[in-house]
Amino acid sequence: MVTPSIDLPNGLLMTRLKLPPWLVLLLPAILILMAVVLIPLLLSLYSSFTSYRLTRPDSITNWIGTFNYEKAAKDENFWAAFGRTVLFLTIALNLEMLFGLGLALMVSKVTKGQRLLRTVMMFPMMFSPILVGFQFKFIFNDNVGLVNNALQSLGLSSTAIPWLVDGKLALFSIAFAEIWMSTSVFGILILAGLYAIPQDPLEAAKVDGCTSWQSFRFVTLPFLMPFIYIAMAIRSLDVARAYDMVQIMTNGGPARRTELLWTLIGRTGYVDAKMGYANAMGYISIFLAIFFTVYFFKKLTSARAELGMGG
Amino acid sequence: MAQVHLRSVVKKYGGLQVVHAINLDIADGEFVVLVGPSGCGKSTTLRMIAGLEDISGGEVLIGDRVVNDLPPRERNLAMVFQNYALYPHMSVRENLGFSLKIAKRSQSEIDRAVDDAAEILSLTPLLDRKPGQLSGGQRQRVAMGRAIVRHPDVFLFDEPLSNLDAKLRTQMRVEIKKLHQRLKSTIVYVTHDQVEAMTLADRIVIMRDGHIEQIGTPLEVFERPNTTFVATFIGSPPMNMLPARVGGGRVVLTDGTAFDIPPGHKVEEGQDVIFGARADNIMPVGHSLPATEHVAEVKMSVQLTEPLGTETLLFAQLAGQEVQAKMLNPRPVASGEVLTFQINLDKCHLFDAETGASLRV
Ligand SMILES: Nc1ncnc2c1ncn2[C@@H]1O[C@H](COP(=O)(O)OP(=O)(O)OP(=O)(O)O)[C@@H](O)[C@H]1O
Ligand SMILES: [Mg+2]
């Protein structure tokens, strides 16, 4: 299209404002970041100080100060979910780390078909968490589930075990699904670490009298720690915002026994439509994620310094 | 302390045989150097002694024990690796004490051993550093220290000096020799540097393509090389090798120049041979050592000179081949100048042209 004099205002703007070239060049990036990150962030932060309800859009202007935060601080359900999330995170991360380590060690010892194994190892990661949730919901179902069926036909149990109903068992079941899906994240990262380990110190350790366990404990493991911490940092963020699988498998229930932070926040925001309050809880929860990330990155830095890799 | 014996030791990687049935007896307290060109199987042999490499055939004995099936930790030996193989996450002190810690020695004993080793190797001020904060020479000393704290039966060294600059290498060579005199332990030392081999060894083992070419004291292998390979490998500059034929009871070079048969050699008329002479035994008249019994004189034109201070290396032309000679009390020599050289036949060698074997009797 021919637009004879349309470029004039543009040109005028440029010459009048005299934007420095670096700013002009960065402007697209800045605008996109603002639109995608900053504005929603600020908006949600702002709304956490209002009584914003999704059903009453005008309530977003109703400033109520720190009321939502005070309410969250006194809300037992919130802190129960918070504590449960920390517990869930601790259990899932540690088990995933152990299993991932074991998996990586075994795969690294395989001489034939290692490529294939590595690919197979990643399979669980290729499924959507929603599907994994549905799958395990079925597996752990107390009537038609695979687990109970197997237990009963093997005669190991005569009653139907309420895997997804009993509070402790349900958390276990969810953790199981989570671990099934994500152990390979640890597995792959630790395997990368194993490939990167120089062989010389390991040979030196053998000559120095180490058994294979001692070689592992004193040489291999210190080398792997940075990789483990990276995996921990990534996974702690993942698990801290766990939502989809829990939502599908138990929906935080029964009676909030498996309520994690984000199922609670999600329900508060979208089901109860209390968006302002949900955002306030969300901001408190983010500190949890930030805490874990900072913690693991600190560990990572010191483990790298140990190895002389520099800060 | 212990002897080490290799009995027909073979190493195969799949179908590829890299060490061919080698036999070697190392006495208690002996300093043996394995030397040879890159890829000849030195490291592999050493690693089989260490237990880091499976033995495909034959036997390795340390003391009177066959150690073929013993893991490294049960062989009581210490190894210094080419790139030191320090534990990067441990301080120098922990590196030095690690083997003792694994052996569950008491802390006071470990401290004493570490302090002693640090003292010997001047590592005391560095004890609290990590390997990453050390220079190459310092790392090398830590690697040595890690070996000596253990008082092992046998020390194994795999080219420990190859990453150091020339000056440091000379210095460490002396240190290693002192260390051996002090500890009097058996040492198997791998290098591809024949100077290192000559200066350190009680006995030198020259390897080539997975075979042992010759075993002998430094002087033996220098003065009586078994093969052309050993002759050219040991000594610097390498021995001059001139193809020749035996005719009329003399050695005749390709251009017709003839010498007497070097004493101590048995040849047949018409046999194709290789005439070997070191630069030290080819010197211009007036710039040579006092004449010995059997001397040949030959005129050669000098192409190039390399002044080394007390002597000058001359590159001359003989029978269409470059020959290196030495000039004592050197004077400037112009390129193309023709000089008369004396060849000390008492120190010259004849080898069979086909097999490369020495014709010395
Ligand atoms: N893992 C392996 N698989 C197959 N061949 C190997 C293996 N390791 C070594 N070799 C071969 O064995 C031969 C001897 O190797 P070795 O490392 O003992 O040589 P070397 O004498 O120590 O040489 P350098 O002076 O370069 O260290 C070489 O030809 C090498 O290619
Ligand atoms: Mg080698």
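Couple of notes before you dig in:
- Residue list for the range B:68-80, filter: within 13 Å of chain A (Cβ to nearest Cβ) and more than 15 Å from ligand 1 (Cβ to nearest atom): B:Leu70, B:Pro71, B:Pro72, B:Arg73, B:Glu74, B:Arg75, B:Asn76, B:Leu77, B:Ala78
- Within the range A:225-236, if we keep just the residues that are away from chain B (no Cβ under 11 Å) and in contact (Cβ under 8 Å) with a residue 60 or more places away in the chain, the residue that is surrounded by the most Cβ atoms within 10 Å (Cβ to Cβ) turns out to be A:Ala231.
- Being over 15 Å from B:Arg278 (Cβ atoms), under 12 Å from the mean Cα position of the chain (by Cα) and in the same structural domain as B:Val9 (by TED's automatic domain parsing) is a property that holds for B:Ile204.
- Selection count, the range B:128-172, where residues are at negative phi and either in a loop (DSSP other than H, G, I, E, B) or of a type in the set (S, T, N, Q) (or both): 20
- Flag for A:Ala72 being assigned to a helix (DSSP H, G or I), crowded, with 16+ Cβ neighbours inside 10 Å and not β-branched (Val, Ile, Thr): yes
- Scanning the range B:154-169 for residues that are closer than 18 Å to B:Phe81 by Cα, away from ligand 2 (no atom under 15 Å from the Cβ) and not acidic (Asp, Glu) returns B:Val154, B:Phe155, B:Leu164, B:Leu168, B:Arg169.
- Scanning the range B:104-141 for residues that are without any contact (Cβ under 8 Å) to a residue 12 or more places away in the chain, more than 15 Å from B:Leu86 (Cα to Cα) and within 14 Å of another protein chain (Cβ to nearest Cβ) gives B:Lys104, B:Arg105.
- In the set (1) free of Cβ contacts under 8 Å to residues at least 60 places away in the same chain; (2) more than 13 Å from chain B (Cβ to nearest Cβ), the condition left unmet by A:Ala170 is number (1).
- Condition met for A:Ile130 (more than 14 Å from every other protein chain (Cβ to nearest Cβ) and either touching a strand residue (DSSP E or B) at 6+ places or on another chain (Cβ under 8 Å) or at pLDDT 90 or above (or both)): no
Residue-wise test of (1) more than 16 Å from ligand 1 (Cβ to nearest atom); (2) modelled with pLDDT under 90; (3) surrounded by fewer than 20 Cβ atoms within 10 Å (Cβ to Cβ).
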site: B:Gln82; (1), (2), (3): no, yes, yes
site: B:Leu86; (1), (2), (3): yes, no, no
site: B:Lys104; (1), (2), (3): yes, no, yes
site: B:Glu109; (1), (2), (3): yes, no, yes
site: B:Thr124; (1), (2), (3): yes, no, yes
site: B:Gly132; (1), (2), (3): yes, yes, yes
site: B:Ala143; (1), (2), (3): yes, no, no
site: B:Val149; (1), (2), (3): yes, no, no
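- Considering (1) in contact (Cβ under 8 Å) with a residue 40 or more places away in the chain; (2) within 14 Å of chain A (Cβ to nearest Cβ); (3) crowded, with 20+ Cβ neighbours inside 10 Å, the lone condition that B:Val60 does not fulfil carries the number (2).
- Positions within the range A:246-290 being of a type in the set (Lys, Arg) and assigned to a helix (DSSP H, G or I), in sequence order: A:Arg267
- Considered as a group, the residues in the range B:43-57 that are more than 8 Å from chain A (Cβ to nearest Cβ) and under 11 Å from B:Leu156 (Cβ atoms) include one that is nearest to ligand 2 (Cβ to nearest atom), and that residue is B:Ser43.
- Those residues of the range B:17-52 which are at negative phi, away from ligand 1 (no atom under 13 Å from the Cβ) and not aromatic (Phe, Trp, Tyr), in sequence order: B:Asn23, B:Leu24, B:Asp25, B:Ile26, B:Ala27, B:Asp28, B:Glu30, B:Val32
- In summary, B:Gln181 fulfils each of the numbered conditions (1) closer than 19 Å to B:Phe351 by Cα; (2) free of Cβ contacts under 8 Å to residues at least 12 places away in the same chain with the single exception of condition (1).
- Residue tally, condition more than 16 Å from ligand 2 (Cβ to nearest atom), assigned to a helix (DSSP H, G or I) and buried (at least 17 other Cβ atoms within 10 Å of the Cβ), over the range B:184-210: 2
- A residue that is of a type in the set (Val, Ile, Thr), within 28 Å of A:Pro162 (Cα to Cα), surrounded by fewer than 20 Cβ atoms within 10 Å (Cβ to Cβ) and modelled with pLDDT under 85 occurs nowhere in the range A:249-264.
- Screening B:Glu74 against (1) surrounded by fewer than 16 Cβ atoms within 10 Å (Cβ to Cβ); (2) touching a residue at least 24 places away in the same chain (Cβ under 8 Å); (3) away from ligand 2 (no atom under 13 Å from the Cβ) leaves a single unmet condition, (2).
- Screening B:Phe31 with (1) buried (at least 16 other Cβ atoms within 10 Å of the Cβ); (2) free of Cβ contacts under 8 Å to residues at least 40 places away in the same chain; (3) aromatic (Phe, Trp, Tyr) gives one miss only, at (2).
- The residues of the range A:37-69 that are polar (S, T, N, Q) and buried (at least 16 other Cβ atoms within 10 Å of the Cβ), listed by number, are A:Ser44, A:Ser47, A:Ser48, A:Thr50, A:Ser51, A:Ser59, A:Asn68.
- Test set (1) more than 14 Å from ligand 1 (Cβ to nearest atom); (2) among the hydrophobic types (A, V, I, L, M, F, W, C); (3) within 14 Å of chain A (Cβ to nearest Cβ) - B:Val188 fails condition number: (1)
- Strands (runs of 3 or more DSSP E) within the range B:274-331 that include 2 or more residues over 25 Å from B:Asp352 (Cβ atoms) and of a type outside the set (A, V, I, L, M): B:295-307, B:311-318
The values are calculated or read from the model by the stated rules, or taken from the named source; none is laboratory data. Quick caveat: nothing in here was measured; it's all calculated off a predicted structure. Positions of Cβ are generated from backbone atoms using ideal geometry, with glycine treated the same way; all protein chains shown enter the neighbour counts.
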